Each structure stands twice: as structure tokens, then as C-alpha cells.
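What follows draws every value from the coordinates through simple rules; no lab data is involved. Note that this is a predicted model, so its numbers are computed, not measured. Backbone-built Cβ (ideal geometry, glycine too); neighbour counts: all protein chains shown.
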Amino acid sequence: MACPVNGARSKQVDMLTVRSLVRRLPLGMPATQYYFCEARDCDVVYFALDPQAPVFRRVDLLVRVGAKEGSDPIPVCYCFGFTRKDIENEIVATGRSTVAERISEEVRRGNCACEVKNPSGKCCLGNVARVSQECIQAVRGPQS
């Protein structure tokens with residue numbers, strides 16, 4: 001589904017996620033399918049196809065939306081509080097990041113709640129791996 005503001009491809013998000021993370025839900029909000037826009041240049045976070053349904057922007061959420069942030073702290077894991085800076089600092093100090101392994105262990109223990117903590121409603125591990133690679137490239141330089 002395309003975001004109505006910038007046209008970016010957006011993914012379905014469960015209503016549980018929207019209800020958990022939007023600061024103030026309007027009374028009588030329709031039960032409709034919402035979509036998550038992760039485009040950095042767009043202020044919209046959640047939108048629906050239903051024109052009567054409200055659109056929710058960054059300021060409407062209880063948490064910072066990591067995909068839309070350009071300054072620290074940039075969340076990458078909402079369940080365990082890891083930020084982009086945490087990953088970067090670990091790579092600078094040790095040459096690698098163990099954040100993904102630590103999150104995976106917590107997931108195995110049943111300690112995550114991505115559907116109510118992460119604005120995308122999805123597990124963060126894919127994003128953590130991407131951010132780790134970006135940080136490795138930034139620290140080591142483009143020749144790595």
C-alpha cells in the first residue's frame with residue numbers, strides 16, 4: 001500500500017500496535033486496516049485506506065520512530081532499549097556488535113513484545129542486522 005503523503009510503499013500493521021503506541025486515540029475510531037509508513041522524509045506513521053480513519057503522525061506516537069529519526073537516540077530495538085549508538089559504540093570498542101545475539105536470546109526466552117512496542121509491529125532483528133552492517137561500514141570505512 002502506498003502512503004497517501006509521499007507514495008512510499010508501506011506495510012500492514014496490526015490494530016493492536018496502533019492502539020498501543022498512539023498517544024490519544026479518537027473516540028469511535030473505526031476498526032480498519034492500518035499501514036505503517038517508514039519513509040524517513042514523511043511525517044506520517046500510520047494511515048488507513050478508509051478516508052474517515054485518522055492519520056497518525058510522529059508527534060502522535062508515544063515512542064520515537066527509529067526509521068524516521070536522524071538524531072540520537074535512534075531506537076532500533078523497542079523491547080530491550082537498544083539504539084543505533086549502542087551498536088556503533090560496541091563496534092568501535094570491540095570490532096563487532098552482539099546486540100542481535102542478545103536480542104535473539106531474549107526472544108527465545110519469550111521476553112519480547114514487538115507487536116505493542118515497535119511502531120512497525122514487527123521483530124527488530126532485521127533492522128538490527130542492517131544497522132549493524134551500516135555501523136561496521138561507517139567505522140571501518142568503505143574498503144571493508
- For the chain, set up a Gaussian network in which alpha carbons nearer than 10 Å are linked by springs, and say which option among Arg19, Arg64, Arg108 fluctuates the most. Arg108
- Task: With a/c under 1.5 counting as rounded, go ahead and sort segment 89-144 into rounded, prolate or oblate using the C-alpha gyration tensor (a ≥ b ≥ c being the square roots of the eigenvalues; past the cut-off, prolate if a/b is larger than b/c, else oblate).
- Result: prolate
- Calculated from the structure, mean projected area of the Cα convex hull in nm² equals which of (i) 9.4; (ii) 13.2; (iii) 12.2? (i)
- Task: Would you mind computing, in nm to one decimal, how far apart the modelled labels at Lys122 and Asp50 are, each placed 7 Å from Cα along Cα→Cβ?
- Result: 2.4 nm
- Two pseudo-spin positions, 7 Å from Cα along C-beta at Thr32 and at Lys11, lie apart in nanometres by 2.3 nm
- Query: How large is the dipole of segment 11-60 about the Cα centre if only Lys and Arg carry +1 and Asp and Glu carry -1, each at its Cβ, rounded to the nearest 20 debye?
  - Reply: 180 debye
- Message: What are the ³J(HN,Hα) couplings of segment 12-19, residue after residue, when phi is run through the Karplus curve with 6.51, -1.76, 1.60 and θ = phi - 60°? Round to Hz, x for glycine and proline.
- Response: 4, 9, 5, 4, 4, 5, 4, 5
- Summing -39500 (n - 2.57) over every DSSP H run of at least 4 residues in the chain and dividing by its residue count gives a helix-only mean residue ellipticity at 222 nm, to the nearest 500 deg cm²/dmol, of -9500 deg cm²/dmol
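Could you line up Asp60, Asp14 from fewest to most neighbouring Cβ atoms inside 10 Å?
Numbers: Asp60 18, Asp14 15.
Lowest count first: Asp14, Asp60.
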- Note on the structure: From fewest to most C-beta neighbours within 10 Å, the residues Thr83, Thr17, Thr98 line up as Thr98, Thr83, Thr17
- Message: For the pair Glu115/Ala39, report the inter-label distance in nm, with labels modelled 7 Å from Cα in the Cβ direction.
- Response: 2.9 nm
- Rounded to the nearest 20 Debye, what is the dipole magnitude of the chain about its Cα centre when Lys and Arg each give +1 and Asp and Glu each give -1 at the C-beta? 80 debye
- Message: Report the Cα-based extents of segment 11-60 along its three principal axes, largest first, to the nearest Å.
- Response: 30, 20, 19
- Using alpha carbon centers only, segment 55-69 is separated from segment 103-143 by a whole-angstrom value of 18 Å
